[in-house]
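The values are calculated or read from the model by the stated rules, or taken from the named source; none is laboratory data. Since we're looking at a predicted model, the values are computed, not measured. Virtual Cβ from ideal backbone geometry, glycine too; neighbours counted across all protein chains shown. For the accessible areas, the whole protein counts, side chains as well, though only heavy atoms, and no ligand, DNA or RNA atoms are used. Shrake-Rupley method; radii C 1.70, N 1.55, O 1.52, S 1.80 Å.
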Amino acid sequence: MRALLSKTPGGPDTLVIDELPDPVPAKGQVVVAVKACAINYPDVLIIEDKYQFRPARPFAPGGEIAGVVEAVGEGVTRFRPGDRVLGTIGHGGLVEKVAADAARLYPLPEGRSFEEGAALLLTYATTIHALLDRGHLKPGNTLLVLGAAGGVGLAAVELGKAYGARVIAAVSSEEKAAACRAAGADDTLIYGRAPFDKDQSKALADQFKAALGAGGADVIYDPVGGDYAEPALRSIAWEGRYLVVGFPAGIPRLPLNLTLLKSCDVCGVFWGAFAARDPQANEAHVARLFELWAEGKIAPLVTDVFDFADGGKAIAKMAARGAIGKLVVRVAA
């Protein structure tokens, strides 16, 4: 089978298509003929050896897949050959076939494309965990979403509205703002490109405060980091919750006196570890996501679909922070 492999640390240009043996399902696994694989920011980091996990090389990036079950291993009763599935596998998705734990897969609903299915789980499962478990989002809360036009950002906009919040979406262009408004954001603001000097940082904090109003943000969802973090934190409400989701703009240094002055919480969000530590709670979240999807309250926005041979270009676009919604690689028709 063909696979898009990382053989040496580096950027997307270092990825090569090569042949690997077809996988065989172990106990509790199924072999999936991959039809689509979504690209996320961890794919940028993992090929550069900058992610939390460093797989042995050669490996294929790609942590979200959708496809068709081809074979089942011992003990698997949930799926059978021919079933359409979606799921998260950590890495290894940019391949024609993959052996995946059956417990990490879910049926792909009828009428949904493989591209939609591949784009659902990681962003929305991360976000529902972030907003409900870590952010304790309540109806009527004000939610500020940074990087709101990306995959997790749009998920936060949609889920915030589904759970009754007032959602302010912060983005870097009018095109991205339009995508957020289409996803249900109550208001948008457009910020400049970091790095910021002291005056620019203060100006951004004032911009956040003006958009949020006197009460500030009850919950801040930050998948961006960098120089955007401190200005956002300065706009937080009394006893607000600041959710740390990712750092494509860099790892920020926050002045902790701000947390004292606002009596606020800075909360880390690590969905993968949460799902492993509390699978029952994660399953409940995933079940709710499928309900919201069926009700039309959430819907993955796939804006670019790349051919398998151009998988590296999809990762490069993600690295350049040029994506709106989700980028998906079509592995097979």
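Confirm whether Ala287 is without any contact (Cβ under 8 Å) to a residue 24 or more places away in the chain, among the aliphatic types (A, V, I, L, M) and open to solvent by less than 70 Å² (accessible area, probe 1.4 Å). For Ala287, the condition - without any contact (Cβ under 8 Å) to a residue 24 or more places away in the chain, among the aliphatic types (A, V, I, L, M) and open to solvent by less than 70 Å² (accessible area, probe 1.4 Å) - is met. Does Val305 count as β-branched (Val, Ile, Thr), more than 22 Å from Ala36 (Cβ to Cβ) and open to solvent by 40 Å² or more (accessible area, probe 1.4 Å)? Against the criterion (β-branched (Val, Ile, Thr), more than 22 Å from Ala36 (Cβ to Cβ) and open to solvent by 40 Å² or more (accessible area, probe 1.4 Å)), Val305 does not qualify. Might you check whether a residue that is in contact with a Leu (Cβ under 8 Å, 6 or more places away or on another chain), part of a loop (DSSP other than H, G, I, E, B), buried (at least 24 other Cβ atoms within 10 Å of the Cβ) and among the hydrophobic types (A, V, I, L, M, F, W, C) occurs anywhere in region 98-114? Checked against the condition, which is being in contact with a Leu (Cβ under 8 Å, 6 or more places away or on another chain), part of a loop (DSSP other than H, G, I, E, B), buried (at least 24 other Cβ atoms within 10 Å of the Cβ) and among the hydrophobic types (A, V, I, L, M, F, W, C), region 98-114 yields no hits at all.
Scanning region 187-204 for residues that are β-branched (Val, Ile, Thr) and either surrounded by fewer than 16 Cβ atoms within 10 Å (Cβ to Cβ) or assigned to a helix (DSSP H, G or I) (or both) yields a single hit, Ile190. Here Gly11, Gly82, Gly75, Gly28 are screened, and the one residue that is surrounded by fewer than 18 Cβ atoms within 10 Å (Cβ to Cβ), small (Gly, Ala, Ser) and without any contact (Cβ under 8 Å) to a residue 24 or more places away in the chain is Gly82. Of the numbered criteria (1) in contact with an Asp or Glu (Cβ under 9 Å, 6 or more places away or on another chain); (2) crowded, with 17+ Cβ neighbours inside 10 Å; (3) assigned to a helix (DSSP H, G or I), the one Gln207 fails is (1). From the list Leu292, Leu301, the lone residue that is touching a helix residue (DSSP H, G or I) at 6+ places or on another chain (Cβ under 8 Å), touching a residue at least 40 places away in the same chain (Cβ under 8 Å) and over 19 Å from Pro223 (Cβ atoms) is Leu292.
Can you tell me which of Ala232, Ala273 is without any contact (Cβ under 8 Å) to a residue 40 or more places away in the chain, assigned to a helix (DSSP H, G or I) and open to solvent by less than 40 Å² (accessible area, probe 1.4 Å)? Before the answer, list the steps.
Values: Ala232 fails: without any contact (Cβ under 8 Å) to a residue 40 or more places away in the chain.
On inspection, the qualifying residue turns out to be Ala273.
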